[in-house]
Each structure stands twice: as C-alpha cells, then as structure tokens.
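> First, the structure itself, so that you have it in front of you.
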Amino acid sequence: MDSGPLSPASCRVRGGQLRTQDEARFRAFVEDRRGALLRTAYLLCGDRHDAEDLTQATLIKVYTAWGRVSEADNPDGYVRRVLVNTHHSRARRRRVSEFLTDRLPDRAGLDSTAALAGRSVLMAALARLPITQRTVVVLRYWEGRPDVEVAQILGKPVGTVRSRAARGLARLREDPHMADLITRRPAPAQRTTEARS
C-alpha cells in the first residue's frame with residue numbers, strides 16, 4: 001500500500017472514522033483519482049508542493065464528508081468543486097504574488113527541450129491570469145471538461161464560465177511571452193482565395 005503524503009492511509013483524521021465499507025470505497029476513490037486531482041491542483045497552483053498540499057487538504061475534507069460525497073450524483077465533480085473552493089480560499093488568504101520557477105515535476109518518458117520551454121511559458125502565463133479565469137481555463141481546456149460540468153464544479157452559470165474562458169484565452173493570446181507558442185490561422189477569406197488559385 002502506498003504511504004506517501006497523498007495516500008489513502010494519510011487521509012485519516014481524528015474523530016472522523018468511516019465504516020469499513022465506506023472506508024474501502026473512499027480508499028478506492030483516492031487510489032483511482034488522486035493522480036488526476038494532483039494534476040488539476042498543479043495546474044491551479046503552479047507549484048508541485050502547493051499542489052500536493054491542496055490535494056491533501058481536499059482529500060481530508062472529502063474524507064470527513066464522505067457520506068455526502070459518495071451519495072452525490074457526480075462524486076468526482078463534487079470532489080473537484082471541493083478542490084477548486086479550497087484553492088480559492090487559500091489564494092484569498094495569501095494575497096501575495098507567487099514565484100513560479102521553470103522547473104516542472106518529474107515526468108515519465110522523454111520530452112523535448114522545446115516542449116519543456118513551451119510548457120514553462122504556458123505555466124507562467126497561466127499564473128498571471130486572475131484565479132477565476134485560470135480555474136476555468138484549466139478545467140475547460142486542459143482537462144477538456146464541458147462548460148456545463150465546469151459551471152457545476154464552480155457553482156456558476158454556464159454563461160459566466162464561457163465569458164471567463166473567453167477572457168482568459170484572450171489574455172493568454174495577448175501575453176507577449178506566449179507569442180512564440182501561438183500560431184495564428186489565416187482568415188477564412190484568405191483560405192478561400194488560396195483554394196481558388
């Protein structure tokens with residue numbers, strides 16, 4: 001059994017004992033989804049250690065409310081909403097700028113230098129977005145969740161999610177550091193003209 005900081009065994013809190021059956025379901029849930037939760041937390045925080053702390057805090061909250069979580073229509077969405085809300089609470093408390101480095105967490109497999117540099121630029125650009133826009137961009141475009149699901153996770157109307165996504169993408173496009181990463185497509189009229197030639 002895994003005994004790291006994000007293992008199911010490390011999520012036990014005093015006075016919050018679960019029944020054996022619920023404990024087993026909680027452990028299975030954590031083992032199945034902790035990697036995805038940690039990735040989302042990393043994208044929101046921009047720092048591996050903060051992401052681990054955020055994920056751990058989220059799992060502790062979920063553990064203490066596992067009865068409600070396991071009975072929810074979408075337990076994964078419920079947990080992601082706890083993750084996002086916990087992140088927003090922490091960000092409000094800090095209110096200091098974060099220092100992001102170019103170092104990314106270790107990843108399996110080979111990765112080209114250009115891809116690493118591009119990822120570093122993207123992570124820094126994401127960190128410069130306001131927290132609400134960053135959250136929507138990460139959930140919508142990095143994780144590929146539909147607008148409706150992102151709205152449910154954030155507890156916001158779908159229109160709000162779409163407008164924050166549009167503003168976030170616009171800010172990323174306007175970011176001078178992102179210029180090398182963004183390839184602009186020709187306008188539809190130019191493609192039509194080229195096709196006729």
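> Count the net charge of all other residues whose Cβ sits under 12 Å from the Cβ of Ala36, scoring Lys and Arg as +1 and Asp and Glu as -1. Please list the in-between numbers first.
Values: positive: Arg33, Arg34, Arg39, Arg80, Arg145; negative: Glu31, Asp32, Asp76, Glu143.
So the surrounding residues net to +1.
> Provide the per-residue ³J(HN,Hα) series for the range 78-90, in order, calculated from phi with Karplus coefficients 6.51, -1.76, 1.60 and θ = phi - 60°, each as a whole number of Hz, with x at glycine and proline positions.
With the stated coefficients, the range 78-90 comes to 4, 5, 5, 5, 4, 4, 5, 4, 5, 4, 5, 4, 5 Hz.
> Could the peptides 134-145, 155-166 be put in order, highest first, of the mean number of other beta-carbon atoms found within 10 Å of their residues?
Details: 134-145: 20.2, 155-166: 15.1.
Ranking the peptides 134-145, 155-166 by packing returns 134-145, 155-166.
The numbers here are math on the coordinates, done by the rules we state, and not lab data. None of the values given here were measured: they were computed from a predicted structure. With ideal geometry, Cβ positions are generated from the backbone for all residues, glycine too; neighbour counts draw on all protein chains shown.
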